[in-house]
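Scroll down for the structure; my scribbles are underneath it.
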Amino acid sequence: MTRYLMEHPRDLVSLKFFGQRYGSAKSSISEDLSIIRHTVATWGVGRLETLPGASGGARLTPLYSKENAEKVIKQLTAAVNDDSRLLPGGYVYLSDLLGRPDILREVGRLIATQYVDQDVDVIMTVETKGIPIAQSVAMYLNRPFVIVRNSSHITEGSTVSVNYVSGSSRRIKKMELSRRTMREGANVVIVDDFLKGGGTMNGMQSLIHEFGAHVVGMNVFAEGQFKGNRLVDDCTSLIAVQAEDGRNKHISAEAGNYLDKVFGEKKEK
(Lines give C-alpha, C1' and ligand atoms only; values in the text may rest on other atoms or scores of the structure.)
Protein backbone atom coordinates (compact mmCIF):
# COMPACT_ATOMS: atom_id res chain seq x y z
CA MET A 1 0.00 0.00 0.00
CA THR A 2 2.82 2.37 0.86
CA ARG A 3 4.52 1.73 -2.45
CA TYR A 4 1.31 2.27 -4.39
CA LEU A 5 0.59 5.54 -2.60
CA MET A 6 4.15 6.76 -3.19
CA GLU A 7 3.88 5.93 -6.90
CA HIS A 8 0.56 7.80 -7.16
CA PRO A 9 1.18 10.99 -5.15
CA ARG A 10 -1.78 13.31 -4.49
CA ASP A 11 -4.20 10.78 -6.03
CA LEU A 12 -7.30 9.91 -4.01
CA VAL A 13 -7.35 6.11 -3.75
CA SER A 14 -10.51 4.45 -2.43
CA LEU A 15 -10.43 1.92 0.39
CA LYS A 16 -12.49 -0.39 -1.81
CA PHE A 17 -9.68 -0.41 -4.37
CA PHE A 18 -7.14 -1.41 -1.74
CA GLY A 19 -9.51 -4.03 -0.34
CA GLN A 20 -9.95 -5.68 -3.75
CA ARG A 21 -6.28 -5.35 -4.64
CA TYR A 22 -4.98 -6.98 -1.46
CA GLY A 23 -7.98 -9.11 -0.51
CA SER A 24 -8.51 -7.39 2.84
CA ALA A 25 -11.45 -5.95 4.74
CA LYS A 26 -11.88 -2.18 4.94
CA SER A 27 -11.22 -2.31 8.69
CA SER A 28 -7.80 -3.88 8.07
CA ILE A 29 -7.04 -1.35 5.32
CA SER A 30 -7.94 1.51 7.70
CA GLU A 31 -5.57 0.14 10.35
CA ASP A 32 -2.74 -0.15 7.81
CA LEU A 33 -3.37 3.41 6.63
CA SER A 34 -3.07 4.61 10.23
CA ILE A 35 0.36 2.97 10.43
CA ILE A 36 1.42 4.57 7.14
CA ARG A 37 0.15 7.98 8.29
CA HIS A 38 2.14 7.77 11.51
CA THR A 39 5.28 6.54 9.71
CA VAL A 40 5.47 9.21 7.01
CA ALA A 41 4.70 11.92 9.58
CA THR A 42 7.40 10.64 11.95
CA TRP A 43 9.97 10.49 9.16
CA GLY A 44 8.90 13.90 7.85
CA VAL A 45 8.51 12.71 4.27
CA GLY A 46 4.80 13.03 3.60
CA ARG A 47 1.25 13.63 4.73
CA LEU A 48 -1.46 10.98 4.47
CA GLU A 49 -5.07 12.16 4.45
CA THR A 50 -8.15 9.94 4.66
CA LEU A 51 -11.50 11.22 3.45
CA PRO A 52 -14.71 9.51 4.64
CA GLY A 53 -17.75 8.66 2.53
CA ALA A 54 -18.48 6.70 -0.61
CA SER A 55 -16.28 9.00 -2.69
CA GLY A 56 -13.53 9.16 -0.07
CA GLY A 57 -10.28 7.30 0.29
CA ALA A 58 -6.61 7.93 1.08
CA ARG A 59 -4.24 10.47 -0.45
CA LEU A 60 -0.50 10.69 0.15
CA THR A 61 1.20 14.04 -0.39
CA PRO A 62 5.02 13.82 -0.52
CA LEU A 63 6.77 16.64 1.35
CA TYR A 64 9.74 17.41 3.56
CA SER A 65 9.64 18.47 7.19
CA LYS A 66 11.68 21.50 8.17
CA GLU A 67 14.39 19.28 9.65
CA ASN A 68 14.70 17.19 6.49
CA ALA A 69 14.68 20.30 4.27
CA GLU A 70 17.49 21.87 6.27
CA LYS A 71 19.52 18.67 6.03
CA VAL A 72 19.08 18.35 2.26
CA ILE A 73 19.86 22.02 1.57
CA LYS A 74 22.99 21.75 3.69
CA GLN A 75 24.13 18.80 1.57
CA LEU A 76 23.35 20.61 -1.68
CA THR A 77 25.20 23.70 -0.50
CA ALA A 78 28.28 21.65 0.34
CA ALA A 79 28.20 20.07 -3.13
CA VAL A 80 28.01 23.47 -4.89
CA ASN A 81 30.62 25.14 -2.67
CA ASP A 82 33.52 24.25 -4.96
CA ASP A 83 35.70 26.89 -6.66
CA SER A 84 36.21 24.67 -9.72
CA ARG A 85 32.50 25.14 -10.58
CA LEU A 86 32.92 28.83 -11.38
CA LEU A 87 32.34 29.68 -15.04
CA PRO A 88 33.01 32.96 -16.90
CA GLY A 89 30.40 35.64 -16.27
CA GLY A 90 29.65 34.53 -12.72
CA TYR A 91 27.76 31.38 -13.72
CA VAL A 92 28.16 28.10 -11.89
CA TYR A 93 28.57 24.62 -13.36
CA LEU A 94 25.66 22.48 -12.12
CA SER A 95 25.10 19.92 -14.89
CA ASP A 96 26.78 17.07 -13.03
CA LEU A 97 24.60 17.59 -9.96
CA LEU A 98 21.39 17.98 -11.95
CA GLY A 99 22.19 14.78 -13.81
CA ARG A 100 22.14 12.69 -10.63
CA PRO A 101 18.81 10.97 -9.87
CA ASP A 102 19.35 11.12 -6.10
CA ILE A 103 19.81 14.90 -6.14
CA LEU A 104 16.90 15.42 -8.55
CA ARG A 105 14.63 13.47 -6.21
CA GLU A 106 15.63 15.69 -3.30
CA VAL A 107 15.23 18.91 -5.31
CA GLY A 108 11.86 17.82 -6.68
CA ARG A 109 10.49 16.98 -3.25
CA LEU A 110 11.80 20.26 -1.78
CA ILE A 111 10.11 22.38 -4.44
CA ALA A 112 6.92 20.30 -4.32
CA THR A 113 6.75 20.88 -0.55
CA GLN A 114 6.25 24.59 -1.17
CA TYR A 115 3.03 23.92 -3.11
CA VAL A 116 1.42 21.05 -1.18
CA ASP A 117 -1.55 23.24 -0.20
CA GLN A 118 -1.87 25.14 -3.47
CA ASP A 119 -3.71 24.32 -6.67
CA VAL A 120 -1.10 23.65 -9.36
CA ASP A 121 -1.97 22.53 -12.89
CA VAL A 122 1.31 22.76 -14.81
CA ILE A 123 5.06 22.91 -14.17
CA MET A 124 6.92 25.09 -16.69
CA THR A 125 10.61 25.26 -17.55
CA VAL A 126 12.79 26.38 -20.43
CA GLU A 127 15.07 24.13 -22.44
CA THR A 128 17.40 22.55 -21.52
CA LYS A 129 18.93 22.44 -18.04
CA GLY A 130 15.67 23.05 -16.21
CA ILE A 131 14.01 19.98 -17.74
CA PRO A 132 15.18 17.37 -15.19
CA ILE A 133 14.15 19.64 -12.30
CA ALA A 134 10.71 20.22 -13.81
CA GLN A 135 10.27 16.49 -14.37
CA SER A 136 11.09 15.72 -10.73
CA VAL A 137 8.75 18.43 -9.40
CA ALA A 138 5.99 17.25 -11.74
CA MET A 139 6.38 13.70 -10.43
CA TYR A 140 5.88 14.71 -6.78
CA LEU A 141 3.03 17.11 -7.56
CA ASN A 142 1.56 14.57 -10.01
CA ARG A 143 1.09 17.26 -12.63
CA PRO A 144 2.32 17.60 -16.23
CA PHE A 145 5.30 19.76 -17.16
CA VAL A 146 5.80 21.83 -20.29
CA ILE A 147 9.01 22.93 -21.98
CA VAL A 148 9.43 26.42 -23.40
CA ARG A 149 11.74 26.36 -26.42
CA ASN A 150 13.94 28.92 -28.11
CA SER A 151 12.67 27.70 -31.48
CA SER A 152 9.61 25.56 -32.17
CA HIS A 153 9.62 22.04 -33.59
CA ILE A 154 7.33 21.13 -36.45
CA THR A 155 5.86 18.30 -34.35
CA GLU A 156 4.46 20.79 -31.80
CA GLY A 157 1.97 22.45 -34.15
CA SER A 158 1.02 26.09 -33.71
CA THR A 159 2.85 28.00 -31.00
CA VAL A 160 2.67 31.18 -28.95
CA SER A 161 5.88 33.21 -28.86
CA VAL A 162 7.15 36.22 -26.93
CA ASN A 163 10.26 38.35 -27.10
CA TYR A 164 12.11 38.99 -23.86
CA VAL A 165 15.23 40.80 -22.69
CA SER A 166 18.06 38.80 -21.18
CA GLY A 167 18.66 40.09 -17.67
CA SER A 168 22.44 39.73 -17.83
CA SER A 169 23.37 40.48 -21.47
CA ARG A 170 20.36 42.76 -22.19
CA ARG A 171 19.89 41.08 -25.57
CA ILE A 172 16.49 40.50 -27.16
CA LYS A 173 15.60 36.82 -27.34
CA LYS A 174 12.57 34.74 -28.28
CA MET A 175 10.79 31.82 -26.62
CA GLU A 176 7.88 29.68 -27.81
CA LEU A 177 5.36 27.23 -26.40
CA SER A 178 2.89 24.97 -28.18
CA ARG A 179 -0.75 26.11 -27.91
CA ARG A 180 -1.81 22.56 -26.97
CA THR A 181 0.31 22.38 -23.82
CA MET A 182 -1.59 24.72 -21.52
CA ARG A 183 -5.21 25.76 -21.06
CA GLU A 184 -6.53 29.19 -20.23
CA GLY A 185 -6.73 29.84 -16.50
CA ALA A 186 -4.12 27.19 -15.59
CA ASN A 187 -2.06 27.66 -12.43
CA VAL A 188 1.62 27.41 -13.30
CA VAL A 189 4.81 26.89 -11.29
CA ILE A 190 7.99 28.02 -13.08
CA VAL A 191 11.25 26.19 -12.35
CA ASP A 192 14.79 26.59 -13.68
CA ASP A 193 18.32 25.69 -12.72
CA PHE A 194 19.96 29.11 -12.24
CA LEU A 195 18.79 32.69 -11.70
CA LYS A 196 20.94 35.69 -12.47
CA GLY A 197 19.28 38.73 -14.04
CA GLY A 198 15.87 37.10 -14.26
CA GLY A 199 15.32 37.63 -17.99
CA THR A 200 14.34 34.03 -18.72
CA MET A 201 11.94 33.91 -15.77
CA ASN A 202 10.41 37.20 -16.87
CA GLY A 203 9.98 35.84 -20.40
CA MET A 204 8.17 32.75 -19.11
CA GLN A 205 5.90 34.97 -17.01
CA SER A 206 4.98 36.92 -20.16
CA LEU A 207 4.31 33.69 -22.01
CA ILE A 208 2.00 32.47 -19.23
CA HIS A 209 0.04 35.72 -19.40
CA GLU A 210 -0.33 35.25 -23.17
CA PHE A 211 -2.12 31.99 -22.43
CA GLY A 212 -4.40 33.69 -19.90
CA ALA A 213 -2.88 31.51 -17.18
CA HIS A 214 -1.62 32.39 -13.68
CA VAL A 215 1.82 32.20 -12.07
CA VAL A 216 1.64 30.40 -8.73
CA GLY A 217 5.35 30.62 -7.97
CA MET A 218 8.89 30.60 -9.33
CA ASN A 219 11.72 28.35 -8.15
CA VAL A 220 15.37 27.87 -9.03
CA PHE A 221 18.00 25.44 -7.86
CA ALA A 222 20.54 28.24 -7.35
CA GLU A 223 20.64 32.02 -7.63
CA GLY A 224 23.80 33.98 -8.36
CA GLN A 225 24.75 37.50 -7.45
CA PHE A 226 23.62 40.25 -9.81
CA LYS A 227 24.52 43.93 -9.92
CA GLY A 228 21.44 46.01 -10.55
CA ASN A 229 17.75 45.20 -10.41
CA ARG A 230 16.50 41.75 -11.35
CA LEU A 231 13.63 41.55 -13.81
CA VAL A 232 11.58 39.30 -11.49
CA ASP A 233 10.70 39.37 -7.82
CA ASP A 234 9.59 36.71 -5.36
CA CYS A 235 11.62 33.82 -6.77
CA THR A 236 12.45 30.98 -4.37
CA SER A 237 16.00 29.61 -4.43
CA LEU A 238 17.41 26.54 -2.72
CA ILE A 239 20.98 27.85 -2.83
CA ALA A 240 22.50 31.34 -3.07
CA VAL A 241 25.94 31.64 -4.67
CA GLN A 242 28.43 34.45 -4.33
CA ALA A 243 31.09 34.16 -7.04
CA GLU A 244 34.32 36.11 -7.56
CA ASP A 245 35.24 35.80 -11.23
CA GLY A 246 38.63 37.44 -11.16
CA ARG A 247 42.22 36.41 -10.81
CA ASN A 248 41.36 34.52 -7.62
CA LYS A 249 38.27 32.57 -8.56
CA HIS A 250 36.11 31.75 -5.54
CA ILE A 251 32.59 30.47 -4.86
CA SER A 252 30.72 30.92 -1.61
CA ALA A 253 27.48 28.95 -1.46
CA GLU A 254 24.86 29.15 1.28
CA ALA A 255 21.18 28.35 1.78
CA GLY A 256 18.85 30.44 -0.36
CA ASN A 257 15.51 31.90 0.72
CA TYR A 258 13.66 28.56 0.55
CA LEU A 259 13.56 27.88 4.30
CA ASP A 260 12.34 31.40 5.00
CA LYS A 261 9.54 31.20 2.42
CA VAL A 262 8.34 27.68 3.13
CA PHE A 263 8.81 27.42 6.88
CA GLY A 264 8.69 31.12 7.79
CA GLU A 265 12.09 31.30 9.42
CA LYS A 266 15.27 33.12 8.61
CA LYS A 267 17.96 31.00 7.04
CA GLU A 268 21.11 30.43 9.04
CA LYS A 269 24.33 31.70 7.57
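The values are calculated or read from the model by the stated rules, or taken from the named source; none is laboratory data. What you see is a predicted model, and the numbers here were worked out from it, not measured in a lab. Don't worry about glycine lacking a Cβ; one is built from the backbone with ideal geometry, like all the others, and counts go over all protein chains shown.
With V160, V215, V137, V188 as the choices, which residue is touching a helix residue (DSSP H, G or I) at 6+ places or on another chain (Cβ under 7 Å) and outside any strand (DSSP E or B)? Give the derivation first.
Numbers: V160 fails: outside any strand (DSSP E or B); V215 fails: outside any strand (DSSP E or B); V188 fails: outside any strand (DSSP E or B).
Of V160, V215, V137, V188, the one residue that is touching a helix residue (DSSP H, G or I) at 6+ places or on another chain (Cβ under 7 Å) and outside any strand (DSSP E or B) is V137.
Identify the residue in the range 77-125 that is of a type in the set (G, A, S) and on the phi < 0 side of the Ramachandran plot and, among all such residues, is surrounded by the most Cβ atoms within 10 Å (Cβ to Cβ). Outline the logic, then answer.
Going residue by residue through the range 77-125, those that are of a type in the set (G, A, S) are 78-79, 84, 89-90, 95, 99, 108, 112.
If we keep only those that are on the phi < 0 side of the Ramachandran plot as well, we get 78-79, 84, 95, 99, 108, 112.
Details: A78: 10, A79: 16, S84: 7, S95: 10, G99: 11, G108: 23, A112: 27.
Checked the range 77-125; the qualifying residue surrounded by the most Cβ atoms within 10 Å (Cβ to Cβ) is A112.
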Just to be sure before I move on: is N202 in the same structural domain as I111 (by TED's automatic domain parsing), outside any strand (DSSP E or B) and surrounded by fewer than 14 Cβ atoms within 10 Å (Cβ to Cβ) in the structure I sent?
no
Hey, can you tell me all the residues within the range 164-185 that are farther than 17 Å from E127 by Cβ and assigned to a strand (DSSP E or B)?
V165, I172
Just for the range 46-91: of the residues that are within 29 Å of R10 (Cβ to Cβ) and of a type in the set (V, I, T), which one is farthest from the chain's Cα centre (by Cα)?
T50
Pairs needed: first member in the range 111-124, closer than 12 Å to T61 by Cα; second member anywhere, part of a loop (DSSP other than H, G, I, E, B) and of a type in the set (A, V, I, L, M); C-beta distance under 8 Å; at least 6 residues apart or different chains.
A112/L63; T113/L63; V116/L63
Qualifying positions in the range 13-27 - surrounded by fewer than 14 Cβ atoms within 10 Å (Cβ to Cβ) and in a loop (DSSP other than H, G, I, E, B):
G23, A25
